[in-house]
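For reference, the structure is listed below as structure tokens.
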Amino acid sequence: MKEIVTYVEMTARDQLNPAASVPGLVLESLNRDSPLVVDLRARIGAPYGWKSARRTEEEWGRWFAQCPTRTFWLLSIGGEPVGMASYDLHSGDEVEIEAFGLLPDFVGKGLGGCALTLAVQRAWKLSPPVSRVWLHTSTLDHPRALPSYHRRGFRTFKTEEDERN
């Protein structure tokens, strides 16, 4: 299936255009050994064909081993999981938001802008001094993803046509 992958970035903290806060929405560290990591990634990615939605237990083991420094963060309201973000630290003081999303039951409920704001604010704090925060999205992801990233202050720096299996 053809897709267009769009890469977006911020190169300064003050480029973030924060969304209105959502009472009770928090972003908290999630232990990489938590079963929530696999569960949330699979459920968040299922509607969009993410690989995480169909990995076997063995494939998950290899995936975790490939990225031992990846960190995971839980988005929740009142203790109820609503989504997650994961981050990779790269050389040159760059942080990649490796994955970000809401569980399907919480999409379209007005949480996305605030959730993304929390995720971006956390990215800037992960490895001071961070000089760049970036991520990528695809035409196969939620149709409001890219416009939301642009509203928060990300700018597109690259697009690629790809084939998703």
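No value in this document is a laboratory result; all are computed from the given coordinates. Please read all numbers here as calculations on a predicted model, not as lab measurements. Because the Cβ atoms are built from the backbone with ideal geometry, glycine has one as well, and the counts that use them run over all protein chains shown.
Odds and ends about this structure:
- Cα centre as origin, Lys/Arg/Asp/Glu Cβ charges: the range 1-152 dipole, Debye: 280
- Helix-only CD estimate at 222 nm, as mean residue ellipticity for the chain, using -39500 (n - 2.57) per DSSP H run (n ≥ 4): -8000 deg cm²/dmol
- Per the Kirkwood formula applied to alpha carbons, the chain shows a radius of gyration over Rh ratio, Rg over Rh, of 0.93.
- Residue among Thr117, Trp73, Phe106 farthest towards the positive dipole end of the range 54-139, charges placed on Cβ: Thr117
- Taking amide H atoms as placed 1.01 Å from N in the peptide plane, the amide H of Gly153 lies under 5 Å from those of Asn17, each 5 or more residues away in sequence or on another chain.
- In this structure the amide hydrogen of Ser138, modeled in the peptide plane, comes within under 5 Å of the amide hydrogens of Thr6, none closer than 5 places in sequence on its chain.
- Just checking the listed ones, Arg55, Arg32, Arg132: in the Gaussian network model of the chain with Cα springs under 10 Å, the one fluctuating most is Arg55.
- Distance in nm between pseudo-label sites at Val38 and Leu126 (7 Å out along the Cβ direction from Cα): 2.2
- Kyte-Doolittle at least -0.5, axis length at least 27 Å by Cα - qualifying DSSP helices, the chain: none
- Whole-Hz ³J(HN,Hα) from phi, Karplus 6.51 cos²θ - 1.76 cosθ + 1.60, for the range 71-76, glycine and proline x: 10, 10, 9, 9, 8, 8
- Other residues with beta-carbon under 13 Å from the beta-carbon of Gln15 carry, at +1 per Lys or Arg and -1 per Asp or Glu, a net charge of +3.
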